[in-house]
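Okay, structure first, notes after.
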Amino acid sequence: MNIKLVESLAQVVQSLSPEERSLLEEKLKTHPENLSESEKERPFYETATPAERAKAFREWAASHPGDRPSLSDEAISRESIYGERG
């Protein structure tokens, strides 16, 4: 622990105006490390239903252009992927 740093920070905090202290407190409250588990936003995959995940996947897939040519059968054949393996 860096005692000098903590003392310096304490002096800075003590010198803040009430408005500045209020702003600092708000910043500290909203910092991800200081949020309680219930306040943290959970990822989509944890909260979404199977129907919501399926809908999101379909929307993601539809967002990609569909006018690109597909790979040929030769391009995806086992021999072209692995080559001559012994």
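Since every read-out is calculated from the coordinates, none of them should be taken as a lab result. Please read all numbers here as calculations on a predicted model, not as lab measurements. Note: ideal-geometry Cβ built from the backbone for every residue, glycine included; neighbour counts use all protein chains shown.
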Mind putting together the pair-distance distribution for the chain? All Cα pairs, 10 Å bins, whole percent per bin, short to long. 12, 16, 18, 16, 14, 12, 10, 2
How large is ³J(HN,Hα) for each residue in segment 67-76, as worked out from phi by the Karplus curve 6.51 cos²θ - 1.76 cosθ + 1.60 (θ = phi - 60°), to whole Hz, x for Gly and Pro? 9, 8, x, 7, 6, 6, 4, 5, 5, 10
Could you give the length gained by full extension between LYS55 and ASN2, i.e. 0.36 nm per residue of separation minus their alpha carbon distance, to one decimal place? 14.0 nm
Taking the simple approach of a point 7 Å from Cα along Cα-to-Cβ for both SER17 and ALA48, what is their distance in nm? 4.6
Simple spin-label estimate for ALA62/ILE81, 7 Å along Cα→Cβ, in nm, reads 3.0
Counting C-alpha atoms alone, how compact is segment 38-83: give Rg to one decimal and Dmax as a whole number, in angstrom. 18.2, 53
